[in-house]
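Below is one structure, written out as structure tokens; comments come after it.
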Amino acid sequence: MSTLRARYASIFGHGRMTERVVFFSDAVFAIALTLLVVDLRVPEVDNGETSGDVIVSLLPGFMAYAISFAVIALNWNGHHRKFRVINGFDSRLIQLNFVLLFLVAFTPFPTSLMSEYPGEVPSVVLYAVVVAMLSVVQLAMWAYAWRRGLVDAIVEPDMYRYVRRNLLVVPIVFGISILIALFWDATIAMYSWLVLIPLTIIVARVGTRKPSQPAD
């Protein structure tokens, strides 16, 4: 029986065709992006309220929608790029991918919570945890694929470490924002996410250099 189980694992547990993994993942990302807009509904208007008042009241929801759309889009982009060079899979990589998709599909909930309760500690912390975990799981997938030899040989060790370093930026920033929300102010924690823009650019450029020119 153990021999049969081992044969089953060797036959069905890994392979070199990742198209179905990519197509299924793309579908989950697309559905999650669509669900983000569901909560942006025009509320019932009281007497005397104008359309301008309604738009102002919906601003937290618009902001949460925009942030989460960017988060999911960036994670899809990272997933897409990695699976251009991840040319194989095994059961553990599939499991990690499902964890990532779980978080992607869950993202609309903390987004809705943050739009309803902006600046409150529970909503901000939950949102930050989910966003940080998205990058942590992407990092885990990248590291695992590298260790198992599932990454194309075109990716040299320096490139692997470069991608790994870039993936650390989001968990660090959102992890710090969780501490800010818990021990200082949740609204300031939300604004701290803006640090991602310059920090991502800086980290992407630091330590890089042009390849040396071949000698004549």
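In table form, for the structure just shown:
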| quantity | calculated |
| --- | --- |
| So I67, is it β-branched (V, I, T) and under 30 Å from R147 (Cα atoms) | no |
| Lone unmet requirement of (1) buried (at least 19 other Cβ atoms within 10 Å of the Cβ); (2) small (G, A, S); (3) farther than 29 Å from S91 by Cβ for A145 | (3) |
| Filter result for P122 (loosely packed, with under 15 Cβ neighbours inside 10 Å and at pLDDT 95 or above) | yes |
| The stretch 1-24, residues that are modelled with pLDDT of 80 or more and of a type in the set (K, R) | R20 |
| Checking G175 against (1) over 18 Å from the mean Cα position of the chain (by Cα); (2) outside any loop (DSSP other than H, G, I, E, B); (3) modelled with pLDDT of 95 or more, the condition it does not meet | (1) |
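Yes or no, residue by residue, for (1) of a type in the set (F, W, Y); (2) touching a helix residue (DSSP H, G or I) at 6+ places or on another chain (Cβ under 7 Å); (3) surrounded by 14 or more Cβ atoms within 10 Å (Cβ to Cβ):
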| site | (1), (2), (3) |
| --- | --- |
| L113 | no, yes, yes |
| M159 | no, no, no |
| R165 | no, yes, yes |
| F174 | yes, yes, yes |
| I201 | no, no, no |
| R205 | no, no, no |
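The values are calculated or read from the model by the stated rules, or taken from the named source; none is laboratory data. In this text the structure is predicted, and so the values were computed from the model without any measurement. All Cβ positions, even for glycine, are placed from backbone atoms using ideal geometry, and neighbour counts span all protein chains on display.
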